[in-house]
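Comments concern the structure below.
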């Protein structure tokens, strides 16, 4: 008998800051504005998977670096995971257009 691994849910330590940070991510990856984000990442010479670099440049919003700094380690990890999840759901035609920032090299 085999069982599949289920990742346990982590409790959010700072719900208000976490919610604000998550809302900023949702806005940045909204279909109507995600192309602007990708263009900004490309202009900054970053890779889209470089969350800390994108965050430090303020490309996810002006307040996001300070919000992220207020979060605890587990909340930060969940925000990084959410960011990586959202960038994988960008429309294929946009991912193709910005292939260089999506590439791993």
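Bear in mind these aren't lab numbers, they're just calculated from the coordinates by the rules spelled out. Only a predicted model underlies this, so the values are computations on that prediction, with no experimental measurement involved. Glycine also receives a Cβ, built like all others from the backbone with ideal geometry; neighbour counts cover every protein chain displayed.
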Q: Go through segment 20-48 and give me each residue that's assigned to a loop (DSSP other than H, G, I, E, B) and over 20 Å from residue 92 (Cα atoms).
A: 44, 45
Q: Report yes if some residue within segment 49-56 is in a helix (DSSP H, G or I) and exposed (fewer than 14 other Cβ atoms within 10 Å of the Cβ); otherwise report no.
A: yes
Q. Name the residues in segment 78-105 that are touching a residue at least 60 places away in the same chain (Cβ under 8 Å), closer than 30 Å to residue 14 by Cα and in a helix (DSSP H, G or I), would you?
A. 78, 79, 82, 86
